[in-house]
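Readers should treat all values here as calculations from the given coordinates under stated rules, not as data from a laboratory. The structure presented is a predicted model; accordingly, all values stated were derived computationally and were not measured. Backbone-built Cβ (ideal geometry, glycine too); neighbour counts: all protein chains shown.
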Ligand SMILES: [Fe+2]
Ligand SMILES: [Fe+2]
C-alpha cells in the first residue's frame, strides 16, 4: 500500500530538510501510483458521471505529483530563473493559448445551451469553470510575466500564485459573463 510511508515516517516531529525531501519524494510516488490506479478503475466504469469524477481525482493526483516535484526543487534550494529564451517562448505562445481557452469557453457554452440533460450540464459546467480559470490565468500571466524584462522572486510569484487561485477577473465573454 503506497500510503504506508505515513506510518513509518516520523514526519510530524523530525522535520530536518532531509526528512522533508524524503517525504516529498514519497508523496510524488504515492500521488502517481494513486493516479494510475484511479485511472484504471475509471476506465473500467461505464457510467459517464462516475467515470468522469474518478478520472478528475486521478488527474488532480497527477497534478499534485507535479506540484510536489516543484516543492521538492524549492526544498532542495533550486529556484529556476527564467532564461531569455524561455521568456521569448512564453511571449510568443501565450496569446495563442489565451485564444484557444477563449474558444473553449464558447464551445462549452454552445454545448450547455444545446443540451438539457442535467448530468451533461453538470459536467459541462465544470469544464466551463475550468476554462474560465485557464483563460483568466493565462491573461494574468501575460500581464505580469510577458511584459516584464526581469522576473523577480519572492513577493512577485506570491502575487501571481494567489491571483491564479482566484476566479476569472478578466472574464468578459459570452452571455453568462461574470462581473469584473
Ligand atoms: Fe493528492
Ligand atoms: Fe482549458
Estimated FRET transfer efficiency (residue 82, residue 165; beta-carbon r; R0 25 Å; 0.05): 0.75
Label point distance in nm, residue 103-residue 52, each placed 7 Å from Cα along Cα→Cβ: 2.2 nm
Rounded, prolate or oblate (a/c below 1.5 giving rounded, otherwise prolate when a/b exceeds b/c) for the stretch 5-75 by Cα gyration tensor: prolate
Shape category assigned to the stretch 44-165 from the gyration tensor of Cα positions, a/c cut at 1.5: oblate
Nitroxide proxy distance, nm - points 7 Å out along Cα→Cβ at residue 17 and residue 93: 3.1 nm
